[in-house]
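**Student:** Quick one: this structure, given as structure tokens, is what I'll be asking you about.
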Amino acid sequence: MPLPKAELHLHIEGTLEPELAFALAARNGVTLPYADTEELRKAYLFDDLQSFLNLYYELMAVLRTEQDFADLADAYLVRAAAQGVRHAEIFFDPQAHIARGVAMGTVVEGLSGALARSEETHGISTQLIMCFLRDESAESAMATLEAAKPYLDRIVGIGLDSAEVGHPPVKFRAVYEAAAALGLRRVAHAGEEGPPAYITEALDVLGVERVDHGLRCMEDADLVERLVRDRVPLTLCPLSNVRLRAVDVLEDHPLPAMMDAGLLCTVNSDDPAYFGGYVGDTFHAVREALGLDQERLRELARNSFEASFLEHDEERRARYIAEVEAYEFA
Ligand SMILES: [Zn+2]
């Protein structure tokens, strides 16, 4: 049985495996510009975030119906359960679907339908986090929040993703204030390719409670000191950082130094269909490449539950953490 863990940085559209992409393309009469899964997999070579985003948004063309989103979520939950995931807080990008004529309700109803069955079917408790695309306008983000209002009983919080550089957090001050007023939790990608200043802005201007990625905080000692003091969780994605060239090889990843600095680190898979591994694979990869011992892995798992949005269910959080403490490595 794998080490119990929560996954807090997972884009559900990033779990679209080539086989499912082709199956949904056939079901929906969509033609993909790839002959087969083998040719598509050859496209999974990226130079940076934007080169990944280009393919990520292109493949979303196969996602049309509630059933498509439910099938996508179920396929992820099967894999996640097999890798020890007990709780998942899942990102989705509504603007990327609404722009293709797929309604907010179709996306949310499809995903939440699958997530509602998740605990019974997969043994995984789940939350949905709606992300705004930062390379779209602030007005588009506000319109997206408005469109989500009928579904806020199924959305725990908001996030900020897509191309980071040139789209600083401050651009989204108003929509984050509006979301906070609605009682939504707040996270944001910052410090993936953007500078440490973007992390500071996400904290000070957007009021985020977790920083997604946050890798580049290590360039600013004062920022690291603040993150440690305030125990701000970082949802790191080591395999993503390698595939998008934020680090050259996994052995160079600063995760050990970040943990040594006292940062509240978690490891996640980001877009596992694109980056070569789900969250359990990521734990194995960092153990091998970075020499993390069992107690470090246990710390990462414990942190993932500490950082989860389970405040309305402290008994569940405590139960998950007890599973981590009791876990005996093979
Ligand atoms: Zn991400």
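The values are calculated or read from the model by the stated rules, or taken from the named source; none is laboratory data. Predicted model, so just to flag it, every value in this text is computed and none were measured. Here Cβ is always computed from backbone atoms with ideal geometry, including for glycine, and neighbour counts include all displayed protein chains.
**Student:** Examine the range 175-183 for a residue that is at pLDDT 95 or above, surrounded by 15 or more Cβ atoms within 10 Å (Cβ to Cβ) and within 16 Å of the ligand (Cβ to nearest atom), and state whether such a residue exists.
**Tutor:** no
**Student:** Just the residues that are touching a residue at least 40 places away in the same chain (Cβ under 8 Å) and either among the aromatic types (Phe, Trp, Tyr) or buried (at least 21 other Cβ atoms within 10 Å of the Cβ) (or both), please, taken from the range 47-61.
**Tutor:** Selection gives Leu49, Phe52, Tyr56, Leu59.
**Student:** Would you call Phe309 touching a helix residue (DSSP H, G or I) at 6+ places or on another chain (Cβ under 7 Å), touching a residue at least 60 places away in the same chain (Cβ under 8 Å) and more than 16 Å from the ligand (Cβ to nearest atom)?
**Tutor:** Criteria not met by Phe309.
**Student:** Please list, ordered by first then second residue, the pairs with beta carbon atoms under 8 Å, 6 or more apart or interchain, first in the range 255-280 and under 13 Å from Leu300 (Cβ atoms) and more than 13 Å from the ligand (Cβ to nearest atom), second assigned to a helix (DSSP H, G or I) and at pLDDT below 95.
**Tutor:** Short answer, once both residue conditions are applied: none.
**Student:** Scan the range 103-150 for residues that are hydroxyl-bearing (Ser, Thr, Tyr) and more than 22 Å from Leu53 (Cα to Cα) and jot them down.
**Tutor:** Of everything in the range 103-150, those that are hydroxyl-bearing (Ser, Thr, Tyr) and more than 22 Å from Leu53 (Cα to Cα) turn out to be Thr106, Ser112, Ser118, Thr121, Ser125, Thr126.
**Student:** Restricting to the range 101-125, count the residues that are polar (S, T, N, Q) and within 20 Å of the chain's Cα centre (by Cα).
**Tutor:** Qualifying residue count for the region: 3.
**Student:** Is at least one residue of the range 116-131 surrounded by 16 or more Cβ atoms within 10 Å (Cβ to Cβ) and over 27 Å from Glu306 (Cα atoms)?
**Tutor:** no
**Student:** Determine, yes or no, whether Met60 is closer than 27 Å to Ala147 by Cα and either touching a Lys or Arg at 6+ places or on another chain (Cβ under 9 Å) or away from the ligand (no atom under 15 Å from the Cβ) (or both).
**Tutor:** yes
**Student:** Look at the range 109-152 and say how many of its residues are aromatic (Phe, Trp, Tyr) and part of a strand (DSSP E or B).
**Tutor:** Adding up the residues that qualify gives 1.
**Student:** While we're on this one: Which residue pairs have Cβ atoms under 7 Å apart, sit 6 or more places apart or on different chains, and have a first residue in the range 16-38 that is modelled with pLDDT of 95 or more and a second that is buried (at least 18 other Cβ atoms within 10 Å of the Cβ) and in a loop (DSSP other than H, G, I, E, B)?
**Tutor:** Ala21/Leu32; Phe22/Leu32; Leu24/Leu63; Ala25/Leu32; Asn28/Arg64
**Student:** Looking at (1) within 15 Å of the ligand (Cβ to nearest atom); (2) in contact with a Phe, Trp or Tyr (Cβ under 6 Å, 6 or more places away or on another chain), which is the one condition that is false for Phe92?
**Tutor:** Condition (2) is where Phe92 drops out.
**Student:** Kindly indicate the residue of the range 8-37 that is away from the ligand (no atom under 16 Å from the Cβ) and among the hydroxyl-bearing types (Ser, Thr, Tyr) and also nearest to Glu306 (Cα to Cα) among those meeting that condition.
**Tutor:** Thr37
**Student:** Cβ-Cβ below 8 Å, separation at least six or inter-chain, first residue in the range 221-244 and basic (Lys, Arg), second at pLDDT 95 or above and within 16 Å of the ligand (Cβ to nearest atom): which pairs?
**Tutor:** Here the result reads Arg243/Phe52; Arg243/Tyr274; Arg243/Phe275, each pair linking the range 221-244 to a residue that is at pLDDT 95 or above and within 16 Å of the ligand (Cβ to nearest atom).
**Student:** Please go through (1) part of a helix (DSSP H, G or I); (2) modelled with pLDDT under 95 for Leu45 and return the number of the only condition it doesn't satisfy.
**Tutor:** Every listed condition holds for Leu45 apart from (1).
**Student:** Starting from residues that are assigned to a helix (DSSP H, G or I) and within 19 Å of the chain's Cα centre (by Cα), keep the ones in the range 153-171 and report whichever is surrounded by the most Cβ atoms within 10 Å (Cβ to Cβ).
**Tutor:** It comes out as Pro169.
Condition check ((1) touching a Phe, Trp or Tyr at 6+ places or on another chain (Cβ under 9 Å); (2) at negative phi; (3) of a type in the set (D, E, K, R)) across all residues:
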| site | (1), (2), (3) |
| --- | --- |
| Leu128 | yes, yes, no |
| Lys149 | no, yes, yes |
| Glu164 | yes, yes, yes |
| Ala180 | no, yes, no |
